[in-house]
C-alpha cells in the first residue's frame, strides 16, 4: 500500500501504471474534492503529457485505489474490480465500503 499523497509516483511509474491499465491519463483524473475544475482539466485542449504533469503536481487528482498484483493493474472503482486481479478466487463474502454485498458467504456473486 502506497499513500500516494505522501509519496506520489514519479513520472515513469505513473506512465507505467497507466500503460498497464490501458488507460489514458484523463480516465485517472479524480474530479470531486480536487482542483480539477479550478484548473480547467475538463477542457479538451489538454494533452496526455500535460495531464500527467497535473497529476504529478497535484496528486489528489489521482483517482484511487490503483491496485497492482501479478495478475494485473486496475483502478478499482468500483471496489469489486479488485476481484478480477486477485491470485485466488475470493472464498468468502465481499462487501463494498458502502455496505453493498457483492459476494455471498461462499464467494458467489450476488448480482
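Here, each number is a calculation from the coordinates, and none is a lab measurement. Owing to the predicted nature of the structure, the values given are computational and were not obtained by experimental measurement. Cβ atoms come from the backbone with ideal geometry, glycine included; neighbour counts cover every protein chain shown.
For n ≥ 4 DSSP H runs only, could you compute -39500 (n - 2.57) per run for the chain, divide by its residues and tell me the 222 nm figure to the nearest 500? Don't skip to the answer; put the middle values down first.
Details: 4 runs with 29 residues, N = 111.
Using -39500 (n - 2.57) per qualifying helix, the result is -6500 deg cm²/dmol.
Which FRET efficiency value, to the nearest 0.05, is calculated for residue 69 and residue 44 with the Förster distance at 25 angstrom and r the Cβ-Cβ distance?
Working: r = 34 Å, r/R0 = 1.35.
Working from the Cβ atoms, E equals 0.15.
Is the shape of the chain rounded, prolate or oblate, going by the alpha carbon gyration tensor and its root eigenvalues a ≥ b ≥ c, with a/c under 1.5 for rounded and a/b larger than b/c for prolate?
Judged from the Cα gyration tensor, the chain comes out prolate (a/c at least 1.5, a/b above b/c).
Can you tell me the FRET efficiency between residue 20 and residue 109 if r is taken as the Cβ-Cβ distance and R0 is 22 Å, rounded to the nearest 0.05? Don't skip to the answer; put the middle values down first.
Numbers: r = 25 Å, r/R0 = 1.16.
After rounding to 0.05, the efficiency reads 0.30.
With a ≥ b ≥ c taken as the square roots of the eigenvalues of the C-alpha gyration tensor of the range 65-111, please select rounded if a/c is under 1.5 and otherwise prolate if a/b is larger than b/c or oblate if it is not? Provide the component values of the computation, followed by the final result.
Working: a/c = 2.78, a/b = 1.39, b/c = 2.01.
In terms of gyration-tensor shape, oblate.
With the Cα gyration tensor of the range 1-64 giving a ≥ b ≥ c as the square roots of its eigenvalues, does the rule (a/c under 1.5 for rounded; else a/b larger than b/c for prolate; else oblate) give rounded, prolate or oblate?
Since a/c reaches 1.5 but b/c is at least a/b, the shape of the range 1-64 is classed as oblate.
Once the Cβ-Cβ distance between residue 37 and residue 81 is put in as r, and R0 is 30 Å, what FRET efficiency do you end up with, to the nearest 0.05?
On the way: r = 26 Å, r/R0 = 0.87.
Efficiency computed from Cβ-Cβ geometry: 0.70.
Place the peptides 56-64, 92-100, 12-20 in order of packing, highest mean first, counting for every residue the other Cβ atoms within 10 Å and averaging per peptide. It would help to have the intermediate numbers written out before the result.
On the way: 56-64: 16.9, 92-100: 10.7, 12-20: 14.4.
The packing order, highest mean first, is 56-64, 12-20, 92-100.
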